[in-house]
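Visitor: I have a structure I would like to understand better, so I am pasting it below and will then ask my questions one at a time.
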Amino acid sequence: GDSAVTTDVVVVGSGPAGASAALLLATLGVGTIMITKYRWTANTPRAHITNQRAMEVFRDLGVEAQVLADATDHSLVGDTVFCTSITGEEIGRIHTWGTRPDREADYRLASPCLTVDIPQTYLEPILVRNAAQRGAQTRFSSEYLSHTQDADGVTVRVLDRLTGHEYSIRAKYLIGADGARSKVAADIGLPYEGAMDIAGSMNITFKADISRYVAHRPSVLYWVVQPGSNVGGIGAGLVRMVRPWNEWLIVWGYDIAGEPPVVDEAAAVQIVRNLLGAPDLEVEITGTSLWGNNEMYATRLQQGRVFCAGDAVHRHPPSNGLGSNTSVQDAYNLAWKIAAVLKGHAGPGLLETYTAERAPVAARIVKRANKSSREFVDIFEALGVLGAPDEAAMTAAIEERKANTPAGAAKRAALVRAMELKNYEFNAHGVELGQHYTSTAVVSDGSELPTPARDADLYYEMSTVPGAHLPHAWVGDSAHRHALMDLAPYDRWTLLTGIAGEAWEQAAEKVGDELGVPLKTVVIGPGREVTDLYYDWAKLREIDESGVLLVRPDKHIAWRAMELPENPEDQLRAALLSVLGRD
Ligand code: FDA
């Protein structure tokens, strides 16, 4: 056979999951070859919503400013509109993605980052560019064909689609981030729950400056309830902003059981003009594509040295905007673990925590997104358009909400409730941020997550119970302000304590040296590296000032001590050995 190219990790795919994995691994100095089937990254805008946790990953990687430079700002994402056409009547608005003043407080208190909107056509090149700059090999027009694995590594068979040449790459690990039709996942036989292609969607991208209809109610989503429109059988077309306010994407449903529709230029222009309610509008159609809506998640994400991430393991509709975000976060969970094992910091058992921690997230987001998609029906029910036999009946039903009649009043009341329910799609802060991990990479201190005081899908509650994500607080000094997460970067473990816990510093130095693990202590308090600028951290940390939080590279709490024990070194050593799978 041929002599194989060698590396540490092969990543298949350059979507949000694969490009993030390549960037994260390269940042950690892990040898990485990213192969991807096509000649470049995504050729259609696809997912856009980039939530706080994904932005935190980009912040941690030092690419947040690049993402923000290409994103539509938070201030422009929020006035989700329901209407009969863009120029027609408005049925109502919802403040979305944490833009309602009271909800924006929740979002701002929980993270240094806010939700923004960036199409995949802009995001993926940023990730790939930085991955390449940091040392990843990126191979386009390169198709994963198959692999074999043994005790020492994985041999990946690759087709160079330009030359037709096949070759092998020998690596320690393989990450299949090859999307919803993942061949890697099929090859390792990952088990799934749910079904694929439960509804069909068609994307039509177009250019037209419609600022005058939308700029006063800035949003990424305009839902059009109109006779003939149909998304996944629910009766609304979506006019989705790609760039404000002259590039757009229409999402239109089709019957997946029938023949795939063929939409020519004239038909696409007609759909655009109908949804916009602008019969003479000059429209430039830039593309059409079909995609399936799925309700499927893997219950195991790994087989030996092979892992899958992103849509390969969770497939769901765009509702809640979780696809790209969860894909980025999968990679964030996995990359530091692979690096830790390759560098000898951790035992191979650490890799098994990837399934333990991320499979429950996959199940949760797939269920939530599908539930949100189905809950649209409440709006159509409230409007009374569901059973409408024809266009005239549908229009009359929508009109009835204006009537000074008992039926009109009932319709208005039903609309209030139906709109309220959509917060579970558009302001589901708990789903977006509330990931709590239970695995061997977390040492429980016997405490339980506090019972949520508010709805766990809508609201996120910060906690330092082991397994929870590090709470957000601003720290610094008279000249600098940092988010707490900035003090616990991805390339090391971090101990956070207060002045009364200074003894942890020595303990950490000793244990870090002894185990060969990068570990730094940050003492938070006046006159120290940083102080608790707003006195928020003291209220959030749940531990005594002398206690400690052991923060993993991915900002989840691995372990905590409520106060300084007599033998901090022993306790820290035991905790680290345990989470690293070395005991
Ligand atoms: P993703 O599918 O992005 O990437 C897979 C990668 O693997 C690609 O780079 C591909 O080239 C590569 N690949 C596949 N097979 C390979 C092989 N054998 N060898 C080498 N490389 C291979 N979501 C949303 O929220 N809103 C939306 O409007 C849309 N719209 C949309 C449209 C279309 C057309 C698609 C395909 C998807 C969407 N989505 C979406 C879903 C969203 O795009 C999705 O959740 C994320 O892209 C998932 O990221 P991944 O990196 O996991 O896979």
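Visitor: Can we say residue 408 is within 20 Å of residue 552 (Cα to Cα) and surrounded by fewer than 21 Cβ atoms within 10 Å (Cβ to Cβ)?
Guide: For residue 408, the condition - within 20 Å of residue 552 (Cα to Cα) and surrounded by fewer than 21 Cβ atoms within 10 Å (Cβ to Cβ) - is not met.
Visitor: I've got another one for you. Kindly indicate which of 536, 554 is among the acidic types (Asp, Glu) and either touching a strand residue (DSSP E or B) at 6+ places or on another chain (Cβ under 6 Å) or under 15 Å from residue 466 (Cα atoms) (or both).
Guide: Step by step, each of 536, 554 is checked, and only 554 is among the acidic types (Asp, Glu) and either touching a strand residue (DSSP E or B) at 6+ places or on another chain (Cβ under 6 Å) or under 15 Å from residue 466 (Cα atoms) (or both).
Visitor: So which residues in the stretch 320-370 are in contact with a Ser or Thr (Cβ under 6 Å, 6 or more places away or on another chain) and within 8 Å of the ligand (Cβ to nearest atom), if there are any at all?
Guide: Result: no residue meets the conditions.
Visitor: Go through the stretch 287-319 and give me each residue that's among the β-branched types (Val, Ile, Thr) and within 11 Å of the ligand (Cβ to nearest atom).
Guide: 288, 313
Visitor: Further question: Being in contact with a Ser or Thr (Cβ under 9 Å, 6 or more places away or on another chain), part of a helix (DSSP H, G or I) and within 14 Å of the ligand (Cβ to nearest atom) narrows it down to one residue among 121, 205; which is it?
Guide: Going through 121, 205 in turn, the sole match is 121.
Visitor: Then there is this: Looking at 190, 159, which is the one that is aliphatic (A, V, I, L, M), closer than 22 Å to residue 43 by Cβ and within 14 Å of the ligand (Cβ to nearest atom)?
Guide: Only one candidate passes the filter, namely 159.
Visitor: If the Cβ limit is 9 Å and pairs must be 6+ apart or interchain, which residue in the stretch 335-358 that is closer than 18 Å to residue 298 by Cβ pairs with which residue that is part of a helix (DSSP H, G or I) and among the hydroxyl-bearing types (Ser, Thr, Tyr)?
Guide: Final answer for the pair search is 337/353; 337/354; 358/326.
Visitor: Within the stretch 159-172, track down each residue that is under 26 Å from residue 343 (Cβ atoms) and in contact with a Leu (Cβ under 7 Å, 6 or more places away or on another chain).
Guide: Listed by number, the list holds a single entry, 172.
Visitor: Tell me, yes or no, whether the stretch 149-172 has at least one residue that is under 28 Å from the mean Cα position of the chain (by Cα), hydroxyl-bearing (Ser, Thr, Tyr) and more than 26 Å from residue 27 (Cα to Cα).
Guide: no
Visitor: Condition first: farther than 13 Å from residue 7 by Cα and of a type in the set (Lys, Arg). Now tell me which residues in the stretch 151-180 satisfy that.
Guide: Correct list: 157, 161.
Visitor: Just for helices (runs of 4 or more DSSP H) wholly inside the stretch 360-478: which have at least 2 residues that are more than 27 Å from residue 107 (Cα to Cα)?
Guide: In the stretch 360-478, 377-383, 391-399, 406-421 are the helices (runs of 4 or more DSSP H) which contain 2 or more residues that are more than 27 Å from residue 107 (Cα to Cα).
No value in this document is a laboratory result; all are computed from the given coordinates. The structure presented is a predicted model; accordingly, all values stated were derived computationally and were not measured. A quick note on method: Cβ atoms are made from the backbone with ideal geometry, for glycine too, and the neighbour counts reach across all protein chains shown.
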